[in-house]
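Have a look at the structure below before the remarks.
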């Protein structure tokens, strides 16, 4: 009889182990999430700690999250994996890959959202939709750094159209938000909107003085039209939209305080 | 080896493994994460300055303007801008150590949740525990013999499980409560051996109870009161099951074991839960047990009338509101509220025809009665105390029962006049008249038990002559003729010397019982030229007892003597001032007594 009991127990354990095997990939994936988080932390602190090489960390995360790896994950995890990959690629400067990963991620969300609609308004959904805007902004910054104000003067229309595209992506991401979207993701959207708007204003400031007025007025029109369907609607000018984004973040929130700091430094 | 057991072990293992994985995936998918901030292309302040000169104050850089010469010199324009801003704001715009502050803020950045809090998956521990419960439920549903052959626990568990086949313990918010209920059932239900032996009835009863609790908890989740309700059901689970089992076992003919009975139990309990909602602390576990039992008995006997239109819920809610109402002072407390509510349910059950008008089922006569009673009892006496002080907890309940029963018999008469102020109702006026007539030291003449007796007499006499005995236009009981009559008795008894101590509380109560109906039925003289006949009759009787007939009168025949003298005086057959005639009449009365 004790042998029989041991046998039942062993079978129970075996069955449990078989069922739990699927959890192993999930546990491994949690490690990747932790790597990503470390990379983001280093990235955000980079300006204060200049010798940190965050690009490699991001590249490591993106390299881990291959399409084949992601395909093996549970359906519910795939959108997040694509998000981590897309964000890592954006930060690592792999802009084309980032756009492709964002597309894949949104497809994965569409699949999961068929069963669980709240995924459509999730943090990952909002961020993946923002990626084209974030990438466009990063590309322009990289170009400005490489080619200087002369490039702005020579090819401002190019800059203008790319900022317009960035704002379109932000507007599209704003449209994803519902009551299922966490407040922190909304504040992130406001912060990034403020940052991209200010980057555009900075770029305009690099133009020769006699072209700045017209460029500013054009930017105002584009901002008002592009962000007219977002929570920034009603702002008639670029600075007004940036101000509205700033004020939409609660007083005392770290993003709000960072903005205050950026405005003064 | 039992192959079924092996299969169960495999199924259980897979089920638990799947649930663990599912929880892990959900937790990972919605893991809060930090996101990158990104960079700015340059100085925000400089960009603001450039726009300032290009758009907002373009005139500064126009020919002839103060900045025309420096229009292409961004550094100098920035200095000019800063100077202007400084002049405007009057404060320094520089942070002492921006880099350190920035690092501090960045390190304090919070992570981003995947979903808003209300859309996040339930806590992992709860979900896994729920699955374990599910497995246990599955196991004992298929292997009840594991609990001991023919044991009560086995039967209860099997019935419990059978009634819960549709419930999803793992995800449902009622899961924890249901698990507690199962424990409570195992402890409480075996007290009803007859019920335990009848599998079908047991199942229907448990199904009704758990269904009501599950519905309530589900609603609590929607109303964000989940924790509060869970705590409540943990407290009252045993009482709920004991009360339900007692009602079910004691009414074999009424609770036929079918789905309708289960629905009736569920509906009744739901109405009680809703009725006492927010006032649960007013009731002890024991009183709730009695309330559940009475409510179930009442609805079993009057299902159509009580369950339709939520009449029971209304009755419980209105009564509970009165019981909890602080304006009535200390009349009702945790020690009495439950018993009073139970009495209300019992009186309703026994007097459904007079208590619930099918045309106006929402009328709550008993709640009105309790409010009237409480209002009259809370009246302060001149000495600062109140009649409440005279009554023990049990007597408050007894008085409530008495009042409710009398109101059930004569609702129209006793609740008349109490429309806007329950203290003006006939019922309240009777109680207040009795209380006020007893004076500022009621304990000299009566006790709690005696007070109840006087109220009963007052009520029974008044229902036959309410419009004359009671003035419902005023909340002041001293305007009532009833008060006047009672006060004559009290003041005479109090003022007359009684060296033989003939008048004890019993004798006093009996005098009232005899005098009051007589006076009510013969008011002509009292309302006419002889308003003090009651007092005079008592005074004459007491004088006879002290003097000329001291050896023929004791405490036992004093009340009939008072009544006999009074009736003769009221019928003008005796002049109380004629000592000889009084003595002769008294002897005849005493002989007859």
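The values are calculated or read from the model by the stated rules, or taken from the named source; none is laboratory data. Bear in mind the structure is a predicted one, so any value in this text is a computation, not a measurement. Methodologically, a virtual Cβ is constructed for each residue, glycine included, from the backbone with ideal geometry; neighbour enumeration extends over all protein chains shown.
Overview of results
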item: Options B:226, B:260; residue that is more than 20 Å from residue B:348 (Cα to Cα), surrounded by fewer than 21 Cβ atoms within 10 Å (Cβ to Cβ), at pLDDT below 75 and out of contact with any strand residue (DSSP E or B) (no Cβ under 6 Å at 6 or more places or on another chain); result: B:226
item: Answer from A:101, A:125, A:96, A:88 - the residue that is over 30 Å from residue B:50 (Cβ atoms) and surrounded by fewer than 21 Cβ atoms within 10 Å (Cβ to Cβ); result: A:96
item: Residue in region A:119-133 that is modelled with pLDDT under 95, at negative phi and outside any helix (DSSP H, G or I) present; result: no
item: Test: residue in region A:8-31 that is outside any helix (DSSP H, G or I) and either at pLDDT 50 or above or more than 11 Å from chain B (Cβ to nearest Cβ) (or both); result: no
item: Lone unmet requirement of (1) touching a helix residue (DSSP H, G or I) at 6+ places or on another chain (Cβ under 8 Å); (2) at pLDDT 95 or above; (3) surrounded by fewer than 19 Cβ atoms within 10 Å (Cβ to Cβ) for residue A:72; result: (2)
item: Number of the condition not met by residue B:171 [criteria: (1) within 14 Å of chain A (Cβ to nearest Cβ); (2) within 27 Å of residue A:124 (Cα to Cα); (3) at pLDDT below 70; (4) in a helix (DSSP H, G or I)]; result: (4)
item: Residue satisfying condition, being buried (at least 19 other Cβ atoms within 10 Å of the Cβ) and within 30 Å of residue A:117 (Cα to Cα), within set A:242, A:185, A:215; result: A:185
item: Selection count, region B:116-127, where residues are under 18 Å from residue B:33 (Cβ atoms), at pLDDT 80 or above and more than 7 Å from chain A (Cβ to nearest Cβ); result: 2
item: Verdict on residue B:530 being over 20 Å from residue B:487 (Cβ atoms) and surrounded by fewer than 19 Cβ atoms within 10 Å (Cβ to Cβ); result: no
item: Conditions (1) over 20 Å from residue B:558 (Cα atoms); (2) at pLDDT 90 or above; (3) more than 34 Å from the chain's Cα centre (by Cα); number of the one not met by residue B:527; result: (2)
item: Within region B:403-460, considering residues that are surrounded by fewer than 21 Cβ atoms within 10 Å (Cβ to Cβ), modelled with pLDDT of 80 or more and under 24 Å from the mean Cα position of the chain (by Cα), the one nearest to residue B:514 (Cα to Cα); result: B:405
item: Those residues of region A:217-249 which are out of contact with any helix residue (DSSP H, G or I) (no Cβ under 7 Å at 6 or more places or on another chain) and either in contact (Cβ under 8 Å) with a residue 40 or more places away in the chain or away from chain B (no Cβ under 11 Å) (or both), in sequence order; result: A:221, A:224, A:225, A:228, A:233, A:234, A:240, A:244, A:247
item: Criterion (part of a helix (DSSP H, G or I) and closer than 27 Å to residue B:463 by Cβ) met by exactly one of B:506, B:536, B:580; result: B:506
item: When residues of region B:298-315 are limited to those that are within 12 Å of residue B:269 (Cβ to Cβ) and more than 18 Å from the chain's Cα centre (by Cα), the one modelled with the highest pLDDT; result: B:299
item: Residues of region B:369-390 classified as surrounded by fewer than 23 Cβ atoms within 10 Å (Cβ to Cβ) and at pLDDT 80 or above, total; result: 0
item: Filter pass, residue B:466 being farther than 27 Å from residue B:417 by Cβ and touching a helix residue (DSSP H, G or I) at 6+ places or on another chain (Cβ under 6 Å); result: no
item: Answer from A:200, A:189 - the residue that is closer than 20 Å to residue B:38 by Cβ and either at the interface with another protein chain (Cβ under 7 Å from one of its Cβ atoms) or without any contact (Cβ under 8 Å) to a residue 60 or more places away in the chain (or both); result: A:200
